[in-house]
Amino acid sequence: WWEVAPRVSVAIPHANLAGIYLAQGKLSAAEREMATALREEEQNPTMDTATRAWVRTRVAKIHLRSGRIQEAVAEQEGALATLAQTEDGVGLATLLNDLGMMQAAVGDLRTARSSFARALQAGGSAADPMTVGLITGNLALACMREGDLVQAEAYYSRAVTLLEQSLGPDHPNVR
């Protein structure tokens with residue numbers, strides 16, 4: 001208990017409340033809770049790095065759902081900078097994938113491709129085939145939208161292999 005207690009913060013429940021309010025369509029309540037979560041995150045010097053990154057990612061997703069894509073990208077980049085201080089390659093891969101999706105949403109496909117490629121590299125062998133398959137599929141879509149069909153085909157083929165491996169031959173989405 002005593003080792004964990006210093007890292008406890010009300011930032012996480014506030015961030016979770018923001019997510020609930022957003023899902024309920026209560027944007028102003030979501031933004032109020034997220035502002036509180038960010039203040040708590042900034043004022044808690046003992047909060048661990050992964051938690052800080054998680055709070056910033058939640059903020060980015062709220063901005064994205066609110067249509068403030070540039071703010072979402074900025075928050076996600078902040079979360080990446082925070083998580084980059086750790087050895088969490090899979091977490092970093094997830095954040096990079098989310099950033100790539102945000103960049104693609106604003107039409108910055110070249111940067112999105114770079115983020116997806118970095119996500120695959122960051123996850124390395126620690127990421128499960130499902131995660132790698134999904135990120136590879138996102139990279140393929142970005143390539144396709146840019147008109148690089150040869151590269152898109154290669155990435156989609158790899159994504160299919162990974163997802164079939166992960167889901168198994170009897171899964172209804174594989175047949």
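The values are calculated or read from the model by the stated rules, or taken from the named source; none is laboratory data. The structure displayed is predicted, hence computed values, not measured ones. Methodologically, a virtual Cβ is constructed for each residue, glycine included, from the backbone with ideal geometry; neighbour enumeration extends over all protein chains shown. These area figures cover heavy atoms from the full protein model, side chains too; ligands, DNA and RNA do not enter into them. Shrake-Rupley method; radii C 1.70, N 1.55, O 1.52, S 1.80 Å.
The set of residues from segment 110-139 being closer than 20 Å to A79 by Cα and hydroxyl-bearing (S, T, Y) comprises T111, S114, S115, T131.
A119: surrounded by 16 or more Cβ atoms within 10 Å (Cβ to Cβ) and closer than 27 Å to T51 by Cβ, yes or no?
Details: surrounded by 16 or more Cβ atoms within 10 Å (Cβ to Cβ): yes; closer than 27 Å to T51 by Cβ: yes.
Answer is yes for this residue.
Given the options L92, L96, name the one that is in contact (Cβ under 8 Å) with a residue 12 or more places away in the chain, farther than 29 Å from A29 by Cβ and open to solvent by less than 20 Å² (accessible area, probe 1.4 Å). Step through it out loud before you land on a result.
Values: L92 fails: open to solvent by less than 20 Å² (accessible area, probe 1.4 Å).
Only one candidate passes the filter, namely L96.
For A126, the stated conditions hold: it is touching a Gly at 6+ places or on another chain (Cβ under 7 Å) and under 20 Å from A84 (Cβ atoms). Within the set G147, G137, G124, the sole residue that is over 27 Å from M34 (Cα atoms), modelled with pLDDT of 90 or more and open to solvent by 30 Å² or more (accessible area, probe 1.4 Å) turns out to be G147. Select from segment 52-81 the residues that are touching a Lys or Arg at 6+ places or on another chain (Cβ under 7 Å) and open to solvent by 20 Å² or more (accessible area, probe 1.4 Å) and list them in ascending order. E75 - this is the single residue of segment 52-81 that is touching a Lys or Arg at 6+ places or on another chain (Cβ under 7 Å) and open to solvent by 20 Å² or more (accessible area, probe 1.4 Å). Out of curiosity, is D170 open to solvent by 60 Å² or more (accessible area, probe 1.4 Å) and charged (D, E, K, R)? When the stated conditions are applied, D170 passes them.
Within segment 31-51, if we keep just the residues that are in contact (Cβ under 8 Å) with a residue 12 or more places away in the chain and not in a helix (DSSP H, G or I), the residue that is surrounded by the fewest Cβ atoms within 10 Å (Cβ to Cβ) turns out to be T46.
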